[in-house]
Each structure stands twice: as C-alpha cells, then as structure tokens.
Amino acid sequence: MSDRRPDAWLTATADIVFAATVRADRLWFEEAPETAVTYQGEQESGDGSRRDGLPDRVAEGEVYRAIRVDYVIASRARPRRGPGG
C-alpha cells in the first residue's frame, strides 16, 4: 500500500477539499493512463492517493483484484505567510 495523500494539516485547514474512494473486485487497463493535476495562482495545494491492491503505475492488460483507491485534493486559497508577511 502506498499513501501519497496531502498531509493532515493541509487537509484540515484547506479552503477546498475533494475526496473520493473507488473500490473494485476486479480492474484492468487496456492502456495505462497518464494523469496529472495542475494548480494555477497562488495557493498551497496537494493531491495524492492511498492505494490497496493497485500499484502506483499500472501495467496494460494486468488484472488487479480487490482494489481500493482513496484520492484527495486539498487547496488553501492563500498560503501561510511568515512574520511580517
């Protein structure tokens, strides 16, 4: 299992949080997907997933069983500023 979700502080203090869970008994990919999340503007943001039964990079044609993916995107509209900022 890999866990690359944003840290708990960012998720707890974010202005917007999107979280989703996907479960499947069986899953395969005809083509390995290429995914990306981009952010614009000035903010503190993070995204990532915790995966059970599914590697970070999937293989085409491989059958994965009993999978679960918890995915989170969290973003603060304005980043923290230090003293005087």
For this session: Could you look through segment 1-17, keep only residues that are among the hydrophobic types (A, V, I, L, M, F, W, C) and part of a loop (DSSP other than H, G, I, E, B), and pick out the one that is farthest from residue 77 (Cα to Cα)?
Result: 1
Exercise. Taking segment 18-57 only, how many residues are open to solvent by 70 Å² or more (accessible area, probe 1.4 Å), within 14 Å of the chain's Cα centre (by Cα) and within 11 Å of residue 75 (Cα to Cα)?
Worked result: 2
Problem set entry | Looking only at segment 58-77, and only at residues there that are in a loop (DSSP other than H, G, I, E, B) and over 22 Å from residue 18 (Cα atoms), the one that is most open to solvent (accessible area, probe 1.4 Å) | 60
Problem set entry | Residue in segment 26-45 that is of a type in the set (Phe, Trp, Tyr) and in a strand (DSSP E or B) present | yes
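The values are calculated or read from the model by the stated rules, or taken from the named source; none is laboratory data. The structure displayed is predicted, hence computed values, not measured ones. Each accessible area value is taken on the protein alone, full model and side chains, heavy atoms only, with ligands, DNA and RNA left out. Shrake-Rupley method; radii C 1.70, N 1.55, O 1.52, S 1.80 Å.
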